[in-house]
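Please read the structure below before turning to the comments.
Bear in mind these aren't lab numbers, they're just calculated from the coordinates by the rules spelled out. A quick note: this is a predicted structure, and the numbers were derived from the prediction, not measured. Quick reminder, even Gly has a Cβ in these numbers, built from the backbone with ideal geometry, and neighbours come from all protein chains shown.
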Amino acid sequence: MSEQTPKFKVTIDNITIEVPAGTTILNAAREIGGDVTPPAMCYYSKLEGSGGKCRTCLVEVSKGSEKDPRPMPKLVASCRTTVMDGMEVKNMTSPKVVEARKGVVEMQLLNHPLDCPVCDQAGECHLQDLSYEHGSSTTRTEFERTTFSQEDIGEYIQLHKTRCILCYRCVFAANQLTGKREHGVLMRGDHAEISTFIGKALENEFIGNVIDVCPVGALTDKTFRFKNRVWFTKPVDAHRNCPTCSGKTRLWMRGEEVFRVTARKDKWGEVEEWICNDCRFHKKQASDWVIEGPSKIDRHSVISQNHYQGAVEAQPELVNEIIGKNPKLLFDIHEVSDVNREEIDLSKINGPAHSDNFLANQKAKHERKLKVGRNK
Amino acid sequence: MKLLLENAHIEGIRYYEIYRKHGGYRAAEKALKMAPDEIVEEVKKSGLRGRGGAGFPAGMKWSFLAKPEGVPRHLVCNADESEPGTFKDRYLMEFLPHLLIEGLLISSFALGSNLTFIYIRGEYAWIVDVLEQAIAEAKTNGWLGKNIQGTGFDCEIHVQRGAGAYICGEETALLESLEGKRGNPRIKPPFPAVQGLWLRPTVVNNVETLAAVVPIMNIGGEAYSKIGVGRSTGTKLISACGNINKPGVYEIEMNLSVEEFIYSDEYCSGIPKGKKLKACIPGGSSVPIVPANLLFKTAKGETRYMNYESLSDGGFATGTMMGSGGFIVLDEDQCVVRHTMTLARFYNHESCGQCSPCREGTGWMYKILKNIEYGKGKMSDIDLLWDIQGKIEGNTICPLGDAAAWPVAAAIRHFRDEFEWHVTHPEEAQTRNYGLAHYAEPLSTVTV
Amino acid sequence: MKFSEEKLKKVNEIIARYPDGKQKSALIPILHIAQEENNGWLDVTTMDHVAIMLNILPIEVYEVATFYSMFNLKPVGKHVFEVCRTGPCMLNGSDDIIQYIKDKLGINEGETTSDGLFTLKPAECLGACGYAPMMQLGKHYREHLTKEKVDLIIDECRRNAAKNN
Ligand SMILES: Cc1cc2nc3c(=O)[nH]c(=O)nc-3n(C[C@H](O)[C@H](O)[C@H](O)COP(=O)(O)O)c2cc1C
Ligand code: SF4
Ligand code: SF4
Ligand code: FES
């Protein structure tokens, strides 16, 4: 059948590409890559039925198709809208989209706690990235943020309801990976929360994957040793012979210690292969693993700020294509952390990074301030 | 002319024998002799527009229904009726249950639905009994069940109760609820006509829409289309409430002027205690509020009528919408800020919580409005409200986001000085009559 | 938690309405019945029981029960006053009625009197805007409320409670 699928031409931010019919605008944009790609907080290509909820991927369809060139009256969720032949889409190049997205980001942060400094997800949080890239810098709410009750969901996974953005990814993941879901979205409206209702421990052998699909720090790894900031650890790809899953993982190490085990993620932050709880929570010795080498991290987040191998940079041609818009740089990790020094290039360190490599340096901090000042 | 409520006053019309004696099930007799597609054609010809709020042509919706081989199709009647100001479907079901059942039978036959549901809001618990009784009677008399009137057509109708959720009036949320799930609206496409109940092709129509199929069959689509004016054909039920002398459900022809509707003794009979009219929300809480000076005359100075086109004349700047026909009147002593605040609280309470602009934005607007109403607001809050509603509108999964944004936008658009007054008079703002009655200038002299 | 014979019959009737494999559709109607059978609220045992009846996961029941405002997840009084406070009712004095009930019964919204007789539950538009102010009491609506009428309703409830004891 796939051979029969016709190709549709779609133009996104003035870049034209051909994709098979049935492709969504978001996935077409991902083919192009870079800043043409709308951010996606709820869509997850590996989870059937996901998407459409967070509204961060809204785009303007300025031309419906070759056959029916009328523009679409409203912005549409690119993750759930399929391309038509001859469709023209505006993402970065649409002031309407930029404005609406700013609004969506503001709404998502409205009741989100300001606890990034103590959040395990800090540094690999998609909401952090999103707000730096697409948000405005100030918050206009003066109201107290919604709070939720604490709920213990077992020894493996920490649930912080206040941080949840209700993307429903973990619900889809539990449905599709475990077959016997024990948690879900309860209550309604702005009281909606992720919960088991009865304070149940989540123990299915694949349930750990909800941690990886969660875009924020609402579901984190309780076994993450010493609660380290991710940017102090160094990711390496590793594998083991696992009877339950593929055993292909990413270890977050510091020196010889394995602080955390996760699945490997692609450049869109999506898991490549699901892993089992045993690999994730119980294999915390370097000797449990065959280490393949430093991970390729090309998601442009704080993790790649230290020039990991393969960090993607904006291509200069792209800037010209998208009417001269310079993709905005993410926040500078050196602005928020005292420890990492910008002269450290992790990928050049032989073997895993060690705490010695991160010793704070007052001089560097001073220079950093100067540099940030210049950027503005 | 009355087409729906003509017999509503007859004692016992709720029961089969009396309903039948007064011409009931004659439309069904006629329809069952026609080909299903001919019925769809008649409904198309009638120009009947959906009475649930959006006003989408019913016949057109029916003709979109997908008919894949071997896949059952369903008709679902939307009796969720939860839009503030709207209580017309309730009236129809309480007094004329057989009219709805007859409409459902004809429509089910036209669309090929052997299993039809009435999804009714959970609070209307006693109406479930009324409807189930009528269904049982219809079945006993051969209008439902197997081989109806010897045509070979089978049809069952079941009444399904919701459990308290305005959002389940949105057709895809309704279908989710009917499937035993949370009332989260689905992301469209696919539309229900292709994948609806249990992913089968489904038509969802309002109670009044489906009841109107009965007179359409009786008098013919052509004749129905001649009643009313322009694209507002037939008659419309209006549920009138708020500060009027005779609140209730009225059946109107859509060439009635708004002024007549409010002041004529046949309808609302004016404002109690001789007070002046301040503002009106003519189509249910989601449609823009209009001040008195834009209600009886459009901005162009033409008479405003109770129909789809005339009510929306002037767009959102100076007009409003027909909506569901929930007609809310505010007299000169009412506070628009307070009224808007209750609506904002309503939408906040009813948001399903799936998409961030609606989930977070409705609560934010409510909190700000509450501050303003209770004398704790700032001038900048008014602009902030305006900005927030703009960030919700058009950016959500379902139209509840728009429905929450429009009332706030319209209130600020037309009554900004009243919001400002609340900010500058924090003490007085807490007492309820603040005396800003100048919107209620004598009506004949109103110019824009 | 157990359904009575009569209710069990009703439950099976409802389940039989839906095509094979679609029995989850019966969830909301059955939760209504379960709530009636369980003194007006749904506890975990009851919900788990419903899950077994419909052969669905318990979380699917919790998700639904917590979404809809008619399902009570905490014990409620014998008589639940659900007084509408949305726009059209507000225009006709629902605020005063709510205040009157609060004063008279000495409870706030969401609370139950110490004798377990009355709960005041805030409600949004119940579709009786033309007959405002109003409240839902059990299966029925009480409309055109005045303070006097509220007094009568409270007396009526007290009498019923005395009779049934
Ligand atoms: C938030 C929301 C609530 C709605 N509530 C109702 C309702 O209570 N009754 C109704 O008939 N339609 C309601 N609608 C409209 C339905 O989605 C749908 O358009 C309608 O049932 C179609 O029937 P019609 O074409 O006969 O009007 C609502 C829509 C939205 C977005
Ligand atoms: S816990 Fe995480 S994955 Fe689950 S809904 Fe919330 S944000 Fe999404
Ligand atoms: S707009 Fe509101 S009610 Fe509609 S899907 Fe989004 S959150 Fe739910
Ligand atoms: S990624 Fe498209 S709406 Fe969330």
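Could you pull out the residue among C:Cys89, C:Cys125 that is within 12 Å of another protein chain (Cβ to nearest Cβ), part of a loop (DSSP other than H, G, I, E, B) and touching a Pro at 6+ places or on another chain (Cβ under 6 Å)? From the options C:Cys89, C:Cys125, the qualifying one is C:Cys125.
Give B:Ser269, B:Ser257, B:Ser239 a once-over and let me know the one that is touching a strand residue (DSSP E or B) at 6+ places or on another chain (Cβ under 6 Å), small (Gly, Ala, Ser) and more than 12 Å from every other protein chain (Cβ to nearest Cβ). Unique residue meeting the criteria: B:Ser257. In this structure, does B:Gly394 turn out to be facing another protein chain (nearest Cβ under 9 Å), within 15 Å of ligand 1 (Cβ to nearest atom), within 26 Å of A:Leu58 (Cβ to Cβ) and surrounded by fewer than 24 Cβ atoms within 10 Å (Cβ to Cβ)? When the stated conditions are applied, B:Gly394 passes them.
From the list B:Pro185, B:Pro189, B:Pro215, B:Pro201, the lone residue that is touching a residue at least 12 places away in the same chain (Cβ under 8 Å) and within 16 Å of ligand 3 (Cβ to nearest atom) is B:Pro185. So A:Ala174 passes all but one of these: (1) touching a residue at least 40 places away in the same chain (Cβ under 8 Å); (2) buried (at least 20 other Cβ atoms within 10 Å of the Cβ); (3) under 19 Å from the mean Cα position of the chain (by Cα). Which condition number does it fail? Exception for A:Ala174: condition (1). If you check B:Arg20, B:Arg26, B:Arg73 for being touching a Gly at 6+ places or on another chain (Cβ under 8 Å) and away from ligand 3 (no atom under 16 Å from the Cβ), only one passes: B:Arg73.
Within the stretch A:46-95, take every residue that is crowded, with 24+ Cβ neighbours inside 10 Å and at positive phi and give me the one that is farthest from ligand 3 (Cβ to nearest atom). Among them, the one singled out is A:Gly51.
Taking into account only those residues within the stretch A:24-58 that are within 14 Å of another protein chain (Cβ to nearest Cβ) and in a helix (DSSP H, G or I), which is nearest to the chain's Cα centre (by Cα)? Applying the filter and picking the extreme gives A:Leu26. Scanning the stretch C:104-119 for residues that are more than 14 Å from chain B (Cβ to nearest Cβ), over 9 Å from C:Val76 (Cα atoms) and not hydroxyl-bearing (Ser, Thr, Tyr) gives C:Lys104, C:Leu105, C:Gly106, C:Ile107, C:Asn108, C:Asp115.
Residues in the stretch A:232-240: is at least one outside any loop (DSSP other than H, G, I, E, B) and either within 16 Å of ligand 3 (Cβ to nearest atom) or within 14 Å of chain B (Cβ to nearest Cβ) (or both)? No; the residues of the stretch A:232-240 include none that is outside any loop (DSSP other than H, G, I, E, B) and either within 16 Å of ligand 3 (Cβ to nearest atom) or within 14 Å of chain B (Cβ to nearest Cβ) (or both).
Within the set B:Ile187, B:Ile148, the sole residue that is away from chain C (no Cβ under 13 Å) and within 16 Å of ligand 1 (Cβ to nearest atom) turns out to be B:Ile187. Would you check if B:Pro97 is free of Cβ contacts under 8 Å to residues at least 60 places away in the same chain and either within 16 Å of ligand 4 (Cβ to nearest atom) or surrounded by 15 or more Cβ atoms within 10 Å (Cβ to Cβ) (or both)? Against the criterion (free of Cβ contacts under 8 Å to residues at least 60 places away in the same chain and either within 16 Å of ligand 4 (Cβ to nearest atom) or surrounded by 15 or more Cβ atoms within 10 Å (Cβ to Cβ) (or both)), B:Pro97 does not qualify.
Of all residues in the stretch A:150-180, those being within 13 Å of another protein chain (Cβ to nearest Cβ) and in a loop (DSSP other than H, G, I, E, B) number 9.
When B:Glu171 is tested against (1) surrounded by fewer than 24 Cβ atoms within 10 Å (Cβ to Cβ); (2) within 16 Å of ligand 1 (Cβ to nearest atom); (3) among the acidic types (Asp, Glu), only condition (1) is not met. On the stretch given as the stretch C:10-35, residues that are in contact with a Lys or Arg (Cβ under 8 Å, 6 or more places away or on another chain) and more than 9 Å from chain B (Cβ to nearest Cβ) total 1.
Take the residues of the stretch A:105-149 that are hydroxyl-bearing (Ser, Thr, Tyr) and within 14 Å of another protein chain (Cβ to nearest Cβ): which is nearest to the chain's Cα centre (by Cα)? The qualifying residue nearest to the chain's Cα centre (by Cα) is A:Ser131. Criterion first (more than 16 Å from ligand 4 (Cβ to nearest atom), touching a residue at least 40 places away in the same chain (Cβ under 8 Å) and crowded, with 18+ Cβ neighbours inside 10 Å) does A:Gly189 satisfy it? No: the conditions fail for A:Gly189. Candidates in the stretch A:59-80 are the residues that are within 9 Å of another protein chain (Cβ to nearest Cβ) and either farther than 24 Å from A:Asp212 by Cα or more than 8 Å from ligand 4 (Cβ to nearest atom) (or both); of these, the one that is nearest to the chain's Cα centre (by Cα) is A:Leu75.
Residues checked against (1) outside any strand (DSSP E or B); (2) of a type in the set (Phe, Trp, Tyr):
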{"residue": "B:Met217", "(1), (2)": "yes, no"}
{"residue": "B:Tyr224", "(1), (2)": "yes, yes"}
{"residue": "B:Ile244", "(1), (2)": "yes, no"}
{"residue": "B:Asp265", "(1), (2)": "yes, no"}
{"residue": "B:Gly270", "(1), (2)": "yes, no"}
{"residue": "B:Lys273", "(1), (2)": "yes, no"}
{"residue": "B:Ile281", "(1), (2)": "no, no"}
{"residue": "B:Ser286", "(1), (2)": "yes, no"}
{"residue": "B:Ala299", "(1), (2)": "yes, no"}
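From B:Gly375, B:Gly394, which residue is under 24 Å from the mean Cα position of the chain (by Cα), outside any helix (DSSP H, G or I) and at positive phi?
None of the others qualify; the one that does is B:Gly394.
I need the full set of residues from the stretch C:1-37 which are assigned to a helix (DSSP H, G or I) and among the hydrophobic types (A, V, I, L, M, F, W, C), in order please. If the condition is that a residue be assigned to a helix (DSSP H, G or I) and among the hydrophobic types (A, V, I, L, M, F, W, C), then C:Leu8, C:Val11, C:Ile14, C:Ile15, C:Ala26, C:Leu27, C:Ile28, C:Ile30, C:Leu31, C:Ile33, C:Ala34 are the ones that fit.
If you go through the stretch C:36-52 and pick out every residue that is surrounded by 19 or more Cβ atoms within 10 Å (Cβ to Cβ) and within 14 Å of chain B (Cβ to nearest Cβ), you end up with 3. When restricted to residues that are under 14 Å from A:Lys90 (Cβ atoms) and among the β-branched types (Val, Ile, Thr), the stretch A:1-47 contains 9.
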